[in-house]
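Student: Dumping the structure here so I can ask a few things about it.
The values are calculated or read from the model by the stated rules, or taken from the named source; none is laboratory data. Please read all numbers here as calculations on a predicted model, not as lab measurements. Cβ: placed from backbone, ideal geometry, glycine included. Neighbour counts: every protein chain shown. These area figures cover heavy atoms from the full protein model, side chains too; ligands, DNA and RNA do not enter into them. Shrake-Rupley method; radii C 1.70, N 1.55, O 1.52, S 1.80 Å.
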Amino acid sequence: MSAVRRSPVRGLAPLLIGVALLWLALVVLLPLGMVFAEAFRRGLDGFLDAFSEPDAWSAVRLTLLVAAISVPLNALFGLAAAWCITRYEFRGKALLTTLIDLPFSVSPVISGLVWVLLFGTAGWFAPLLDALGVRVIFTVTGLVLATILVTLPFVARELIPLMQQQGADEELAAVTLGAGPWAIFSRVTLPNVRWALLYGVLLCNARAMGEFGAVSVVSGHIRGLTNTLPLHVEILYNEYDFVGAFATATVLASLALVTLLIKSLLEWRFADELAATRRH
């Protein structure tokens, strides 16, 4: 009987895991720990002072408002785009897929400048907007548009590979049995993709709350009106209020950690169902 040879790759596993953990500690845990350390450098009172200003709470509310508007819209778009791409053949399909991926490769600053070019005071639609008395740039509307653009791919990119893998057999069977479009979507399609949809929404929400470049271009940095949390952190840091800047940054870090915790809890709670969905 020949001896079983031990794979050299398997022997490297502890080393590779150690290197990965060390790298994560250096680029993720250490900076995150420094944020919280600097936020509490002057104690709890110094930390709480950062939230005594109305501008801080205005930035929190605005961040949540922008996310609450942009994330559901991108969820609806992601579902529609994924369904269209995976269930139909049409001219321009490759172009549509490329356009969905475009925000991944374009700088967020450029994404913000696009809206300035379209709706700014010297933009293409400026005469029409002036005639209607509508303002887009330096308003909440501009922030929402900029956020939608940079977060557009997240939901669609989670759904498209899964829906391509699952195919349309169950939907075709439902059509054969006489089910209508809404019944097919709510009873067949949505249950099969709900986990990918949830992951896409979580990622989209995290990016929406933490977006800086695009919203910085269209916000105008108007305190109490158009400053989201990332912009408020920048203003405090530029004013040398380091404790206030890091204290406000802990809110963003906490929101990101909560998002990660929710994702992990859902994976743990519904692990069997999730695995079955992926196998299917």
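Student: Looking only at the range 82-92, count how many residues are within 21 Å of the chain's Cα centre (by Cα) and open to solvent by 40 Å² or more (accessible area, probe 1.4 Å).
Tutor: 1
A quick yes/no check of all residues on (1) farther than 29 Å from PRO108 by Cβ; (2) in contact with a strand residue (DSSP E or B) (Cβ under 8 Å, 6 or more places away or on another chain); (3) modelled with pLDDT of 85 or more; (4) open to solvent by 30 Å² or more (accessible area, probe 1.4 Å):
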| residue | (1), (2), (3), (4) |
| --- | --- |
| VAL155 | no, no, yes, no |
| ALA173 | yes, no, yes, yes |
| LEU177 | yes, no, no, yes |
| PRO181 | yes, no, no, yes |
| ILE184 | yes, no, no, no |
| LEU202 | no, no, yes, no |
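Student: So, one more: As an exercise: evaluate VAL150 against (1) modelled with pLDDT of 90 or more; (2) closer than 14 Å to SER70 by Cβ; (3) open to solvent by 20 Å² or more (accessible area, probe 1.4 Å) and give the number of the one condition it does not meet.
Tutor: (3)
Student: Quick check on GLU211: is it touching a helix residue (DSSP H, G or I) at 6+ places or on another chain (Cβ under 9 Å), surrounded by fewer than 17 Cβ atoms within 10 Å (Cβ to Cβ) and of a type in the set (D, E, K, R)?
Tutor: In short, no.
Student: Select, from PHE77, PHE119, the only residue that is within 30 Å of LEU252 (Cα to Cα) and over 18 Å from the mean Cα position of the chain (by Cα).
Tutor: Matching residue, one of PHE77, PHE119: PHE119.
Student: Still on this structure, please answer the following. State all residues of the range 231-263 that are crowded, with 17+ Cβ neighbours inside 10 Å and of a type in the set (Phe, Trp, Tyr); if no residue qualifies, say none.
Tutor: PHE246
Student: What residue, of ALA183, ALA179, ALA206, is in contact with a Ser or Thr (Cβ under 7 Å, 6 or more places away or on another chain), small (Gly, Ala, Ser) and farther than 18 Å from THR139 by Cβ?
Tutor: ALA206
Student: List the number of the failed condition for PRO127; all other conditions in (1) assigned to a helix (DSSP H, G or I); (2) open to solvent by 40 Å² or more (accessible area, probe 1.4 Å); (3) within 27 Å of TRP83 (Cα to Cα) hold.
Tutor: (3)
Student: Just to check your reading of the model, which residue among LEU64, LEU79, LEU95, LEU44 is open to solvent by 60 Å² or more (accessible area, probe 1.4 Å) and touching a residue at least 12 places away in the same chain (Cβ under 8 Å)?
Tutor: Matching residue, one of LEU64, LEU79, LEU95, LEU44: LEU64.
Student: Hey, SER52 hits all of (1) more than 30 Å from LEU172 (Cβ to Cβ); (2) open to solvent by 50 Å² or more (accessible area, probe 1.4 Å); (3) assigned to a helix (DSSP H, G or I); (4) not charged (D, E, K, R) but one; which does it fall short on?
Tutor: Of the numbered conditions (1) more than 30 Å from LEU172 (Cβ to Cβ); (2) open to solvent by 50 Å² or more (accessible area, probe 1.4 Å); (3) assigned to a helix (DSSP H, G or I); (4) not charged (D, E, K, R), the odd one out for SER52 is (3).
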